[in-house]
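Worksheet for the structure shown next.
Every read-out reported here was derived from the displayed coordinates using simple, explicitly stated rules and does not represent laboratory data. Quick caveat, the model's predicted, so the values are computed rather than measured. When we count neighbours, we look across all protein chains shown, and the Cβ atoms used for this are built from the backbone with ideal geometry, even at glycine.
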Amino acid sequence: MLLVVDVGNTNITLGLFDGEKLNATFRMTSKAQRTSDEYGVLLVNMIAQKGMDISRITDVIIASVVPNIMHSFVSAIIKYLGRKPFIVGPGTKTGIRIVTGNPQEIGADRIVDAAAAYFLYGGPVLVLDFGTATTYDLVTENGSFAAGITSPGIGISADALWNQAAKLPQISIRKPESILARDTISSMQAGLVYGYIGQTEYIIDKVKEESGINDLRVVATGGLGKMIADETDHIDIYDPELTLQGLRIIYEKQKK
């Protein structure tokens, strides 16, 4: 089996593949500082809870945007799983050609998402990832990573709202019944959710306008992405497993 790992700013998301079949997913926070032993015990227990045998894991691939936890995390995989992981970085064969000004500035997670969207759904494609930050990445018909847009994620926007305004409470992020809010909580939810839908639609329209690509397919992923995707016809596909599938695809390219 192949263990794929996406180390994001908020969560570490892991998936176990048997060939092209994703058998299990699980996640842990990336906010807490842990030792290699703590990571190792968590990994072993989580894999066991899914009914999987760690001895069947033959390879591990990681994409990370959190450098400060990588030493402990990689050490945990080596010590507890007995495998040296492949880490996505400069020189990795992804099948995506980066034509932006400084290719090394592009996060590994964005390249992984771009590869997944392009090879699973074709190009040209605009890839949206609703994570800690929300990213919009344009991949052309020939597989070139041509442009990227980054905005604060909806969670960051919510944190700023209630942390910077003393009388506003912390709320759950969900779409209220109506944008015509009649209380504080639903007014905040309306502003966050409908405001984010508006941002998403405007950026998609603007990318199509400036790129001149009107037949652009739009693929979204990320934790809060489904809530936004369900409320707009600007998003063609929502794929919660996009990043994990991208890691599998890139792993297969390394093996070839």
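Rounded, prolate or oblate for the chain? Axes are the square roots of the Cα gyration tensor eigenvalues, ordered a ≥ b ≥ c, and the cut-off for rounded is a/c under 1.5. It is oblate, given that a/c is not under 1.5 and a/b is not larger than b/c.
With each run of n ≥ 4 DSSP H residues scored as -39500 (n - 2.57), what mean residue ellipticity at 222 nm is computed for the chain after dividing by its residue count and rounding to the nearest 500 deg cm²/dmol?
-11500 deg cm²/dmol
Taking every alpha-carbon pair under 8 Å whose residues sit at least 6 apart, the chain reaches a relative contact order of 18 percent.
Based on the reciprocal of the average 1/r between different C-alpha atoms, the Kirkwood radius for the range 130-169 equals 12.0 Å. Prolate is the label for the range 135-230, because the ratio a/c of its alpha-carbon gyration tensor axes (a ≥ b ≥ c) is 1.5 or higher and a/b is greater than b/c. Taken along the Cα-to-beta-carbon direction at a fixed 7 Å, the label points for A147 and N23 span 4.3 nm. To the nearest ten degrees, helix 36-49 and the longest principal axis of the Cα atoms of the chain are 80 degrees apart. Pairs spanning more than 28 Å between alpha-carbon atoms, out of K50/K79; K226/K256; K84/K253; K50/K226; K31/K256: K226/K256; K31/K256.
To test your reading of the geometry: what angle, between 0 and 90 degrees and rounded to tens, separates the Cα axis of helix 242-255 from the longest principal axis of the chain? In the chain, helix 242-255 runs at an angle near 30 degrees to the longest axis.
Per the Cα gyration tensor, the range 20-110 maps to an equivalent ellipsoid with semi-axes of 26, 16, 12 Å, ordered largest to smallest. Working from Cα pairs under 8 Å separated by at least six residues, relative contact order for the range 97-243 is 24 percent. Net charge in the neighbourhood of E38 (other residues with Cβ under 15 Å of its Cβ; Lys, Arg +1, Asp, Glu -1) is +2. Axis of helix 108-121 versus longest Cα principal axis of the chain: the two differ by about 80°, to the nearest ten degrees.
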